[in-house]
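*Asks:* Attaching a single structure in structure tokens format; questions to follow.
The values are calculated or read from the model by the stated rules, or taken from the named source; none is laboratory data. In this text the structure is predicted, and so the values were computed from the model without any measurement. Here the Cβ is made from the backbone with ideal geometry for all residues, glycine too, and neighbour counts use every protein chain on show.
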Amino acid sequence: MPAYCRATAYDAFAIEIPRVDSTLGLFRAAFAIARHEQPDADVERAEATIAELADTVGRRVHSTNIDAKLAHLHDVLFDVIGFVGNVDNYYDPANSYLPEVLRTHRGLPITLVLVYKCVAERIGLDVRGINSPGHFLAAVKSDEPASTTAKPSWMYIDPFYGGQVLYQDDVCRRIAETTGRELVDPLLWLEPATHRQWLSRMLNNLQAIFAQAGRERDLYAMLELQELLT
């Protein structure tokens, strides 16, 4: 039994580890993190919210074209519903809790990308999380081939800033400006996150927030969850 993490959160997180490589497993494990502070949070209700969002987008889409799907997805998520980054209270732990992100439509880049991925995949888009330094992003597979290969290219999406569409040069420039780091190999900054890396980064974010706030028991609780990923 965990010494610091609420048992309902710990158990729910542990259950998802064997299937964490699936999007559903990732979503449920990420949701379980919030149950440390919100033990009564209902994951089935959250999944129903994701399904409703996807159904709303799906009813608008009358084409298999990726750009058409993307346009309707962004209209629903960012213009109608209003998902956006919480720039006014960035370090609020609630920004890392999926129940709160789905309720308030505010969050950190990494939680907003997760909502984006879950909805987008239900309408047939291929979405990755991008583990870029300082700012987590989404990548959506495009119809257009990359200029130097025959493989499809990827568009980079920033749900924190209302679904802004970026390309490789834009992403690298933004990371360099944000972190002050010198660009050596852009591909190193555009690596897809494994689902374990995704969850670990969420837990790292909360550990930093709790450490700054002097919330030692909550910090240790997040460390207990992180041990389950190893």
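*Asks:* Return the total of residues in the range 172-211 being in a helix (DSSP H, G or I) and in contact with a helix residue (DSSP H, G or I) (Cβ under 7 Å, 6 or more places away or on another chain).
*Replies:* Final tally of qualifying residues: 17.
*Asks:* While we're here: Say we look at the range 186-225 and pick out the residues that are acidic (Asp, Glu) and within 22 Å of TYR4 (Cα to Cα); which of these is surrounded by the most Cβ atoms within 10 Å (Cβ to Cβ)?
*Replies:* Among those that are acidic (Asp, Glu) and within 22 Å of TYR4 (Cα to Cα), it is ASP218.
*Asks:* Next question. Does LEU166 satisfy being closer than 18 Å to THR111 by Cα, touching a Leu at 6+ places or on another chain (Cβ under 8 Å) and at pLDDT 85 or above? Please lay out each step first, then the result.
*Replies:* On the way: closer than 18 Å to THR111 by Cα: no; touching a Leu at 6+ places or on another chain (Cβ under 8 Å): yes; at pLDDT 85 or above: yes.
No, not satisfied.
*Asks:* While we're on this one: Looking only at the range 93-126, count how many residues are touching a Lys or Arg at 6+ places or on another chain (Cβ under 9 Å), surrounded by fewer than 22 Cβ atoms within 10 Å (Cβ to Cβ) and without any contact (Cβ under 8 Å) to a residue 40 or more places away in the chain.
*Replies:* Qualifying residue count, the range 93-126: 2.
*Asks:* Within the range 212-230, how many residues are within 14 Å of HIS36 (Cβ to Cβ), assigned to a helix (DSSP H, G or I) and among the aliphatic types (A, V, I, L, M)?
*Replies:* Going through the range 212-230 one residue at a time, the tally reaches 5.
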